[in-house]
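Just below is one structure, and these are the notes that go with it.
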Amino acid sequence: MKDLIRTDHLLREDVELLLDTATRFAKTPLAERSFIAGETVVIHMTKPSTRTRLASETAVAHLGGTPIFVRADELQLGRGETIADTARIISGYAKAMIIRTFAQSDVEELASNASIPVINALTDDDHPTQALADWLTIRENFGNDFSNRKFTYVGDGNNMAHTWLEMGAVLGAHVVVATPSGKWAPNASVVARTEELARTTGGTIEVTHDVKSACRDASVIYTDVWMSMGDSEADRAEKFTALGEFAVTDALMASASSDGIFMHCLPAHRGEEVSAGVIDGPRSVVWREAYHRRTTIQSALFHLIRGDIKGRLA
Ligand code: CP
Ligand code: NVA
């Protein structure tokens with residue numbers, strides 16, 4: 001597989017390879033310091049980013065390369081040059097391309113016209129590199145055996161909810177997603193696709209509106225912001241009303257399993273989707289999770305450039 005553009009394109013063995021190498025990079029950040037010496041990686045983002053941008057630039061530096069960060073208004077893409085032409089040009093200069101934007105189809109078009117690996121650094125639909133950091137953190141806490149554990153996401157049925165379903169299905173885990181019904185539920189086609197995949201990997205997909213039962217005895221309670229980048233401000237009041245009962249409060253966290261942890265991709269809004277007591281409390285692993293954004297992007301760059309990732313669609 002040339003690109004990492006959708007979480008459920010990965011095989012479990014690909015994920016294990018990526019996480020093993022990320023663990024190596026966590027211990028020895030400069031283990032492959034000459035890998036892309038003298039080369040560049042282009043990072044293009046049309047949405048803001050703290051973690052993914054800094055993790056990506058640092059990962060490229062740790063592999064010996066130079067990151068070139070370009071905003072939308074700095075490329076001719078913003079003035080009508082096509083995605084395909086942009087992909088061809090960047091392929092002539094860089095060893096890989098990392099892109100954050102709105103439409104998943106734009107990332108797909110870029111990848112299909114690029115001869116170099118393209119990594120999805122978040123779209124409205126998915127956030128694959130976040131999934132790698134999340135499951136590396138989960139593996140550090142619980143090991144590689146996900147059986148007899150429940151991994152719960154609560155809140156908006158957004159890109160992170162999709163990512164949670166997809167990686168859970170890839171890894172054969174029991175994942176639960178609790179969201180309001182209707183407008184803020186995860187995309188039905190993602191649910192159907194991940195249910196089908198989970199049947200082949202031994203996983204279980206559970207989509208519910210019952211937040212209390214979703215969190216009871218969970219090994220992980222995961223949440224995300226209620227207003228994602230690109231969401232309409234006109235929806236805020238209605239959305240916050242619908243999501244109110246899905247906030248991760250101290251009481252909800254107390255219902256998790258005795259070794260249960262709290263996770264969040266960040267940025268967080270204390271007092272909205274999570275209480276300060278939970279995110280700043282002893283069960284929160286969010287800082288380790290954020291740290292692993294660098295190690296996992298470094299690992300993804302390393303293995304994609306080497307051509308080591310098999311992928312499910314191959
Ligand atoms: N979690 C994450 O993707 O953070 P940024 O938006 O800051 O990159
Ligand atoms: N759902 C959030 C994730 C941020 C990392 C967003 O898309 O803004």
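The values are calculated or read from the model by the stated rules, or taken from the named source; none is laboratory data. What you see is a predicted model; the values in this text were computed from it and never measured. FYI the Cβ positions are ideal-geometry reconstructions off the backbone, even for glycines, and counts take in every protein chain you see. The area values use the complete protein model at the heavy-atom level, side chains included, leaving out ligands, DNA and RNA. Shrake-Rupley method; radii C 1.70, N 1.55, O 1.52, S 1.80 Å.
For residue 57, which of the numbered conditions (1) touching a strand residue (DSSP E or B) at 6+ places or on another chain (Cβ under 9 Å); (2) surrounded by 17 or more Cβ atoms within 10 Å (Cβ to Cβ); (3) touching a residue at least 24 places away in the same chain (Cβ under 8 Å); (4) not aliphatic (A, V, I, L, M) fails to hold?
(3)
Of the numbered conditions (1) of a type in the set (Ser, Thr, Tyr); (2) within 20 Å of residue 291 (Cα to Cα); (3) out of contact with any helix residue (DSSP H, G or I) (no Cβ under 8 Å at 6 or more places or on another chain), residue 56 fails exactly one; give the number of that condition.
Here residue 56 meets the rest and fails (3).
Conditions tested, residue by residue: (1) at positive phi; (2) free of Cβ contacts under 8 Å to residues at least 12 places away in the same chain; (3) open to solvent by 50 Å² or more (accessible area, probe 1.4 Å).
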position: 13; (1), (2), (3): no, no, yes
position: 25; (1), (2), (3): no, no, no
position: 29; (1), (2), (3): no, no, no
position: 33; (1), (2), (3): no, no, yes
position: 42; (1), (2), (3): no, no, no
position: 49; (1), (2), (3): no, no, no
position: 64; (1), (2), (3): yes, no, no
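Would you be able to tell me the number of residues in region 87-109 that are open to solvent by 10 Å² or more (accessible area, probe 1.4 Å) and free of Cβ contacts under 8 Å to residues at least 40 places away in the same chain?
So the answer is 8.
Just to be sure I understand, how many residues within region 110-139 are in contact with a Pro (Cβ under 9 Å, 6 or more places away or on another chain) and open to solvent by 10 Å² or more (accessible area, probe 1.4 Å)?
Of the residues in that region, 1 qualify.
Would you pick out the residues in region 265-291 that are within 14 Å of ligand 2 (Cβ to nearest atom) and in contact with a Ser or Thr (Cβ under 6 Å, 6 or more places away or on another chain)? Talk me through it step by step, then tell me what you get.
So the first thing to find is which residues in region 265-291 are within 14 Å of ligand 2 (Cβ to nearest atom), and the list is 265-269, 272-274, 286, 289-290.
Passing the criteria: 273, 274, 289.
Under the condition of being farther than 29 Å from residue 287 by Cβ and not in a strand (DSSP E or B), which residue from region 33-53 is nearest to ligand 1 (Cβ to nearest atom)?
39
Just checking, which of 134, 156, 125 is part of a loop (DSSP other than H, G, I, E, B) and within 13 Å of the chain's Cα centre (by Cα)?
Values: 134 fails: part of a loop (DSSP other than H, G, I, E, B); 156 fails: within 13 Å of the chain's Cα centre (by Cα).
Criteria check complete, one pass: 125.
Name the residues in region 222-254 that are assigned to a loop (DSSP other than H, G, I, E, B), closer than 20 Å to residue 275 by Cβ and open to solvent by 40 Å² or more (accessible area, probe 1.4 Å), would you?
Of everything in region 222-254, just one residue is assigned to a loop (DSSP other than H, G, I, E, B), closer than 20 Å to residue 275 by Cβ and open to solvent by 40 Å² or more (accessible area, probe 1.4 Å), namely 249.
Do the conditions hold for residue 214, that is, is it farther than 16 Å from residue 164 by Cα and either among the aliphatic types (A, V, I, L, M) or crowded, with 19+ Cβ neighbours inside 10 Å (or both)? Talk me through it step by step, then tell me what you get.
On the way: farther than 16 Å from residue 164 by Cα: no; either among the aliphatic types (A, V, I, L, M) or crowded, with 19+ Cβ neighbours inside 10 Å (or both): yes.
In short, no.
Run residue 158 past the list (1) touching a residue at least 12 places away in the same chain (Cβ under 8 Å); (2) more than 14 Å from ligand 2 (Cβ to nearest atom); (3) open to solvent by 10 Å² or more (accessible area, probe 1.4 Å); (4) not hydrophobic (A, V, I, L, M, F, W, C) and report the number of the one that doesn't hold.
Against the list (1) touching a residue at least 12 places away in the same chain (Cβ under 8 Å); (2) more than 14 Å from ligand 2 (Cβ to nearest atom); (3) open to solvent by 10 Å² or more (accessible area, probe 1.4 Å); (4) not hydrophobic (A, V, I, L, M, F, W, C), residue 158 comes up short only on (2).
Please state which of the following conditions residue 268 fails to meet, knowing it meets all the rest: (1) out of contact with any Asp or Glu (no Cβ under 6 Å at 6 or more places or on another chain); (2) assigned to a helix (DSSP H, G or I).
Result: residue 268 fails condition (2) only.
Any residue that is part of a strand (DSSP E or B) and over 23 Å from residue 139 (Cα atoms) - is there at least one of those in region 83-94?
no
Which condition from (1) open to solvent by less than 20 Å² (accessible area, probe 1.4 Å); (2) more than 16 Å from ligand 1 (Cβ to nearest atom); (3) not basic (Lys, Arg); (4) not in a loop (DSSP other than H, G, I, E, B) is the one that residue 263 breaks?
(2)
Can you tell me which residue is nearest to residue 274 (Cα to Cα) among those in region 142-155 that are more than 16 Å from ligand 2 (Cβ to nearest atom), touching a helix residue (DSSP H, G or I) at 6+ places or on another chain (Cβ under 9 Å) and at pLDDT 95 or above? Walk me through how you get there before you give the answer.
From region 142-155, those more than 16 Å from ligand 2 (Cβ to nearest atom) are 142-152; that's our starting set.
Checking the rest, the ones that are also touching a helix residue (DSSP H, G or I) at 6+ places or on another chain (Cβ under 9 Å) come to 144, 146, 149-152.
Adding the requirement that they be at pLDDT 95 or above leaves 149-152.
Values: 149: 22, 150: 20, 151: 17, 152: 14 Å.
In this case the residue turns out to be 152.
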